[in-house]
Amino acid sequence: VMLFLLFFVPLRSYCGGRHASTIPRCVVITNLIIFLVAFTCRNKFLGENYMLLMILDFLFILIIFVVKPQDSKSKKMDMKEKTECQKIVRIQLLLHFLFLLMMTILKNYYSVPILFMVHMVQIVLLLIRDKNDERKPEIGL
């Protein structure tokens with residue numbers, strides 16, 4: 001869980017995306033995500049299929065790389081902020097990829113499901129929009 005939070009919180013801070021409408025709802029959703037991550041990472045199937053997870057995770061990294069940081073009702077960003085955040089997100093993703101590569105070379109595969117979950121959760125938060133928000137996620141290099 002600590003490794004998940006170590007990678008997820010900075011990425012979430014600069015990537016943006018959907019936010020809960022109230023603080024209690026945010027706390028509940030955050031705890032559900034952490035529980036899901038802990039449960040998923042203990043799953044034997046994931047532990048044995050790290051190559052599949054690495055391929056999927058690489059695709060997730062690419063998706064996050066091309067989707068611009070998203071603002072929300074509670075946190076609006078202008079283009080300058082989005083550009084700065086996008087640079088930081090790309091550096092973070094590069095570091096995630098290098099960490100994943102290093103762990104694979106060292107045959108330390110426990111980190112693969114954790115990073116897989118970090119990137120999967122962030123994609124969901126980027127792509128899910130409020131019911132009243134008709135804007136589409138911004139994509140671009």
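Laboratory data are not the source of any read-out in this text; all were calculated from the coordinates shown. Quick caveat: nothing in here was measured; it's all calculated off a predicted structure. Every residue, glycine as well, gets a Cβ built from its backbone with ideal geometry; the counts of neighbours run over all protein chains shown.
Remarks
- Cβ crowding within 10 Å averaged over residues, with 112-121, 4-13 ranked highest first: 112-121, 4-13
- Potential extension, Glu84-Leu5 segment - 0.36 nm per residue separation minus Cα distance: 26.2 nm
- Taking label points 7 Å from Cα along the Cα-to-Cβ direction, Ser13 and Asn49 give a separation of 3.4 nm.
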